[in-house]
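What follows is one structure encoded as structure tokens, with my remarks underneath.
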Amino acid sequence: MPELPEVEGVVRALAPKVEGDTIVKVELSSTIYNSCREGKQCIVKNIEPHLFEEVMQGMTIEKVVRRSKYIYFHLQKVEEKFLFVNHLGMTGAWFVVQTLDEIREEKFRKHVHAIFTLHTGELLVYADIRRFGEMRFIKKIEEHPPLLLMAPEPFDEHACEFFLQKCELPKYQNKPIKEVIMDGQVISGCGNIYATEALFKMGIHPARKANRISKMRKAELFNTIRTILQESIEMGGSTISDYRNINGEAGGMQHRLKMYGKKVCPTCESATKSLIIGGRTSVYCPKCQH
DNA sequence: CATGCTGACCGGCGGC
DNA sequence: TGCCGCCGGTCAGCA
């Protein structure tokens, strides 16, 4: 599943291929049309599928940037600026190809949901196996309040201070630390994999209440998260489940993971345990983490 | 009003 | 081989 480092990899690969290009045509899958017609939640969130296709037509992709685990496509049409926001959910992936059969993996090829034809003739393709991804077409960030509430980028110089301040709020004081660091309004882009790894590295039990950790250790924890995210970006992300980068390549970070998905602690060889915290499976070493 | 919990969205895959 | 149920990021909606 793509987390911040994986999304960063996607954006770095995607940006140089599509920035400056103009979208001449958009086709959404019949699956999207059907879900929408049945009133179900679907990938395209805030707009009718046919309107989405229409409004995207003629848009120039000015810039592609990552914000937390979201991809922001900054668009422009006749001097007017818009934003197309995408989240990859669990299984979303982007491809830039000449034809769809260039998508090597069948499970992605079978689940293509949006095809943006560019003025160059290339196809910018969004595939999503489980359809947990999101696409929103908006004029301003304000149109979708959750985007405004996101914590600063973890590499922002104020992000640590922001995290420490949030921890002081009553609603976070008594929560398990893992739930707090995975909350996108506290720290951006720290998903299950990297939260698990950082807590293991710090020797902190994932269920420990936030207010039972000193401010100094919280700051260290933040730095650990930031360092792990950075390391993973450099490794090309973790290839877990269905994540691939835009070239269909796997990352290397999964070989460096020490606790996520492990049965045995790499330090003391105890059997790991798992708990459900904030609705998510949380693996930890009962001997090394307190 | 703020917070908190539940459910909805899915197909792959593990387990039986 | 077949089928059932689990898994998870995000947010809407309701208590």
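The table below lists the values:
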{"item": "Residues of region A:75-96 classified as polar (S, T, N, Q), part of a strand (DSSP E or B) and surrounded by 17 or more Cβ atoms within 10 Å (Cβ to Cβ), total", "result": "1"}
{"item": "Within region A:250-290, considering residues that are touching a strand residue (DSSP E or B) at 6+ places or on another chain (Cβ under 9 Å) and small (Gly, Ala, Ser), the one surrounded by the most Cβ atoms within 10 Å (Cβ to Cβ)", "result": "A:SER282"}
{"item": "Residues (within 16 Å of A:HIS144 (Cβ to Cβ) and either more than 16 Å from DNA strand C (Cβ to nearest atom) or in a loop (DSSP other than H, G, I, E, B) (or both)) located in region A:43-54", "result": "A:ILE43, A:LYS45, A:ASN46, A:ILE47, A:PHE52"}
{"item": "Selection within region A:36-48 - within 8 Å of DNA strand B (Cβ to nearest atom) and within 23 Å of the chain's Cα centre (by Cα)", "result": "A:LYS40, A:GLN41, A:CYS42"}
{"item": "Single condition A:LYS63 does not satisfy, out of (1) under 15 Å from A:PHE137 (Cβ atoms); (2) in contact with a helix residue (DSSP H, G or I) (Cβ under 9 Å, 6 or more places away or on another chain); (3) away from DNA strand C (no atom under 14 Å from the Cβ)", "result": "(1)"}
{"item": "Residue that is nearest to A:ILE23 (Cα to Cα) [pool: residues in region A:105-134 that are touching a Gly at 6+ places or on another chain (Cβ under 9 Å) and surrounded by 20 or more Cβ atoms within 10 Å (Cβ to Cβ)]", "result": "A:TYR126"}
{"item": "Residue match in region A:71-92 (condition: touching a Cys at 6+ places or on another chain (Cβ under 7 Å) and small (Gly, Ala, Ser))", "result": "no"}
{"item": "Pairs, first over 18 Å from A:CYS42 (Cα atoms) in region A:135-146, second surrounded by fewer than 16 Cβ atoms within 10 Å (Cβ to Cβ), C-beta under 7 Å, six or more apart", "result": "A:ILE141/A:LEU148; A:GLU142/A:LEU148"}
{"item": "Test for A:GLU153: is it assigned to a loop (DSSP other than H, G, I, E, B) and out of contact with any His (no Cβ under 6 Å at 6 or more places or on another chain)", "result": "yes"}
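Values quoted throughout were computed directly from the atomic coordinates according to the rules given, and no laboratory measurement underlies them. All values derive from a computational prediction rather than experimental measurement. Because the Cβ atoms are built from the backbone with ideal geometry, glycine has one as well, and the counts that use them run over all protein chains shown.
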